[in-house]
Amino acid sequence: MKWIVRLIGVLVLMVVVAAVSILFLPAERIAKIAADQLRTVTGRDVSISGKVGLTFWPVLGVSADGLEVGNARWSEQGPMLSATQAAIGVDAMSLLRGEIRITKIEAVSPTIRLDQRKDGRASWQFSDASGQAQIATSTTPERAARPISIERLQITDATLIYDAEGADLVTYSGVDLTLDWPDRLGGADIQARVRPAKEPVDVSATIGGFAGFITGQVQPVDMLISTDAGSVRLNGRASTEGAVAGDLTIKTDDTARFLAALGVPGVALPQGLGRSIDARTQLTLTPDRRLALRDMTADLGGNKISGAADVSLNGVPQVNAQLDAGALDLTGGSASAGGGSAKGVDGWPKDRIDASGLAAFNGQIALRATSVNMGGFRLGATTAILRNEQSRMVFELRDVVAYGGNVTGEFVVNNRGNLSVGGKMAARGIELQPLLQDAADLSRLTGKGDADLSFLGSGSTVDAIMRSLSGQGALSLGRGTIEGLNLDRLMRSGSANGGTTIFESLNATFGIEGGVLKNRDLLLLLSSFRADGKGDVNLGAQTIDYLFTPVASLNGSGDSIAIPVRIVGPWASPSIKPDLQAAIDLNLDKEKKELEQKAKDGVAEKLGLTVQDGQSTEDAIKDKATDALKKELLKIFQ
């Protein structure tokens, strides 16, 4: 028994001596031993500098004012981790069993660089030193890597750099991250706060089978990204190689603010087109960054759409989508009665148009809607194709019910250089009154017919575009009316205002130059007379100056009388009145010349002329003759 006691005493003495020997080692020597151990654990170069603190049992740990962990051998972008303050602890008992159980990793203000390559290699995939060939090459290691687990990872105020081959470099500063992974074969909980901009973005995720996840295996994932302005949630499966599939939910109260918090500032979305979002879809993302959205439903803040889309996320997104909508409102939420959203008392809007959104994507979107409100124009059931390529968007109208007829054509917005808009449209069987009401607040002309229009304008404001318009068109109407003008009353009594004119047909062509529409060949046929028209409609200034000339036969004698009517003023409320001077020139030119000749022959006194100071006798005679002829002209209609 004494020998047994003595033997135990010797063993205890040996342990005490060994422990004391270690304790008296310099801290730098201990740090080197810890660095060597970490090098064995990770298969990476590890250096520890600065003031060193140590623990031995039950956690083998080291803390230092400086820690640097090297990157994978294939990476050429610097260390994976560098921190001014760091602490790492390894469970000693697990290490004796051949397992590497890291109880904690803590780092303050570190720079973390994560690299990923298309062949599946990732810098965060660790093995011990004997198994590092599993990462660096495709050869099989001589022996299996020892199992590794990290119970808790806590990082404060980090700079995170993510470099995925073939994608844009992602950098975040001010990152706080906590990883809880208590069971090496179980799941992990991740909580993070990042600050791509001023507002914080919170990320929380639960990942099943975390050990397999970090080595590229597909595992269950439930992840939530949230800000004060909205959130995105994915519930499905994912891998670190970029494969993702599951249910995606997006909810935002203010999409512009939400995107700004994610580091995408300056996005201005109109009401009804994503200013707020409530969307759900089945998402699939492949490692080569190809995104598929199926069973998609979205409320974009008033407009509701459904459909499917395929998007390539390499560079500028390439989109191919098929969407269905109900009543689609594209006015941006502004009040629009009769096109009022675009026009006002002071003319067209002069606010600068921001068309930078045209550079956000390329591709094609097919759209079907029960109706479309475009602000200036209102369409019924619509099938259209939207194509966008390098900031040039073409909105093609394939099959559109509008204003009682059908419309085909295209509308183009080009922001590759200076902003320009243009289009080419053909309308068949269109009700003219509601079309003109929406386009230009004109409601006096009714009728149904065909129209063709092509136009082009440029400028940075709506006002500049309207004043720069050029183009051409034609109009052909069947039976219709002109409200507020009774041509029959005009021809009989000389009174133009009030009443309605019924016509059998109307045809005209026009050209547009410098924002002014010019027409010189309008022909209006009525039951008992005809009317010609010519004049200008200033689209930029919103004014009209048009001479409308009805021509009627007198008592079946073959003679005719023409009464020009001038329509002039703002097009919302123009004045309509007979142009008596033009009537004299057209109808009594012969009589006027005879009277003027008689005056020149010395009969001025018979006309009761009074020559005013500074007025020649000839001018006085002409004025007197004109007044007399006006009176005679009006007698025709009494």
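The values are calculated or read from the model by the stated rules, or taken from the named source; none is laboratory data. Computed from a predicted model, the values in this text were never measured in an experiment. When we count neighbours, we look across all protein chains shown, and the Cβ atoms used for this are built from the backbone with ideal geometry, even at glycine. Only protein heavy atoms, including side chains, enter the accessible area calculation; ligands, DNA and RNA are left aside. Shrake-Rupley method; radii C 1.70, N 1.55, O 1.52, S 1.80 Å.
Quick notes
- When both the stretch 456-487 and the stretch 365-414 are represented by their alpha-carbon centers, they are found 19 Å apart.
- Relative contact order of the stretch 248-317: 27 percent, from C-alpha pairs under 8 Å at least 6 residues apart in sequence.
- Burial ranking of peptide ranges 155-164, 196-205, 106-115 (average Cβ count within 10 Å, highest at the top): 106-115, 155-164, 196-205
- Additional length obtainable on full extension of the chain from residue 481 to residue 330, 0.36 nm per residue less Cα span: 51.2 nm
- Placing R0 at 45 angstrom, the Cβ-Cβ distance between residue 157 and residue 352 gives a FRET efficiency of 0.65 after rounding to 0.05.
- On the beta carbon distance between residue 398 and residue 65, with R0 = 56 Å, the FRET formula returns roughly 0.25.
- Fully extending the segment from residue 235 to residue 370, taken as 0.36 nm per residue of separation minus the present Cα-Cα distance, adds 45.3 nm.
- A simple count of charges around residue 383, restricted to other residues whose Cβ falls under 11 Å of its Cβ and scoring Lys, Arg +1 and Asp, Glu -1, yields -1.
- Accessible surface of the stretch 425-488, 1.4 Å probe, proportion on carbon and sulfur as whole %: 56
- When you work out D = kT/(6 pi eta Rh) for the stretch 187-334 at 10 °C and 1.306 mPa s, using the Kirkwood radius from C-alpha pairs as Rh and the Stokes-Einstein form, the result is 96 µm²/s.
- Percent accessible area from carbon and sulfur atoms, the stretch 164-228, protein chains only, probe 1.4 Å: 54
- The HN-Hα couplings worked out from phi for the stretch 301-310 by the Karplus form 6.51 cos²θ - 1.76 cosθ + 1.60 (θ = phi - 60°) are x, x, 8, 10, 10, 9, x, 8, 8, 10 Hz, whole numbers, x standing for Gly and Pro.
- Two-site label geometry, residue 290 and residue 109: point separation in nm, points 7 Å out along Cα→Cβ: 4.6
- Taking all protein chains as shown and a probe of 1.4 angstrom, residue 425 keeps an accessible surface of around 60 Å².
- Whole-number D in µm² s⁻¹ for the stretch 155-242, Kirkwood Cα-pair radius fed into Stokes-Einstein, 25 °C, 0.890 mPa s: 175
- Within the stretch 347-379, backbone nitrogen closer than 19 Å to the virtual label 7 Å beyond the Cα of residue 458 toward Cβ: 352-356, 358-359
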